[in-house]
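Quick note: the coordinates plus some simple rules give every number you see, no bench work behind them. Just so it is clear, the structure is predicted and the values come from calculations on it, not from any experiment. Here Cβ is always computed from backbone atoms with ideal geometry, including for glycine, and neighbour counts include all displayed protein chains.
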Amino acid sequence: MRFDILTLFPELFEPFISTSIIGRAVANNIIEFKIYNIRDFAANKHKQVDDYPYGGGAGMVMAPQPLYDALDFVLSKYQEDKPKVIYMSPQGRVLTQAVAAELAGLSNIVLLCGHYEGIDQRVIDRYVDMELSIGDYVLTGGELPAMVFIDCVTRLLPGVLGSQESIAEESHTGGLLEYPQYTRPQDYKGDKVPEVLLSGNHKEITTWRRKQSLLNTLQKRPDLLEKAELSDDDKKLLEAIRQELMIDPEA
């Protein structure tokens, strides 16, 4: 997968794309980055990329000229398999695990990182295929959201993580939060690992983990249960959990 990133601060991406899982994915030729400084496309001598908004108001808006030219330049590099242009915006579709899985199937993505009060609407109308948000809050610029998106999508690509099974069991995969995890030692300062995990009984361990996943979701993100795909066994476990906690299912 190739990411073309348009930003005012390319230096922010240098440590990100060279370390940890992302860095290994680059080294293994699973993902590729092309990073462009939007200021390099500004036609004025001062390399100014913003201007005052028509109609008045606080703040500045990123002007169309540098963005038109930058996007035309990037898109001209693709003769076939045109990339999806994504603008990181608090007004966009919220990034979820399902959205990440959907976009992980693409070969080429252009990420546009805005700043100030946003970008000229004409850029969005002409070039942007999708606006994407990482949550209902506002950040200074689109660089951090772009990194979050890249990390979320990259780890879903084959060969990036050591085990695809770990992806299938993660929080939000399948609509539920993950079960608790434990490692050695078995007893640390009197805090012990649940006995079932030491039993070697895989069926009991699977049932325990599923129940804990349902419990975690019920206690931390009950809203997810409304959309989760639950089997009949899941529903029975959830009912048992509610009875144990004395929670009214209609509440």
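Full extension of the chain between residue 220 and residue 20 yields a length gain of 69.1 nm, computed as 0.36 nm times the residue separation minus the alpha carbon distance.
Residue separation of residue 199 and residue 245 scaled by 0.36 nm, minus their Cα-Cα distance, works out to 14.0 nm of gained length. One quarter of the convex hull surface built on the alpha carbon atoms of the chain amounts to 19.3 nm², the projected area averaged over directions. With K and R counted +1 and D and E -1, the other residues having a Cβ less than 13 Å from that of residue 21 yield a net charge of +1. Annotation for residue 27 and residue 125: the two label points, set 7 Å from Cα along the Cα-Cβ direction, are 4.8 nm apart.
Loop-located chymotrypsin sites (Phe, Trp or Tyr not before Pro) in the range 30-95 (DSSP state other than H, G, I, E, B) with a sparse environment of at most 14 neighbouring Cβ atoms within 10 Å: 54, 78. For Cα pairs less than 8 Å apart in space and 6+ apart in sequence, what is the mean separation divided by the residue count of the range 173-245, i.e. the relative contact order in percent? Relative contact order for the range 173-245 comes out at 42 percent.
Which of the residue pairs 211/235; 34/84; 34/82; 192/235 have a Cα-Cα distance greater than 20 Å in the structure shown? Distance filter (> 20 Å) returns 192/235. Debye-formula intensities of the range 173-245, expressed as log10 I(q)/I(0) at q = 0.25 Å⁻¹, are -1.17 (one equal scatterer per alpha-carbon, no solvent).
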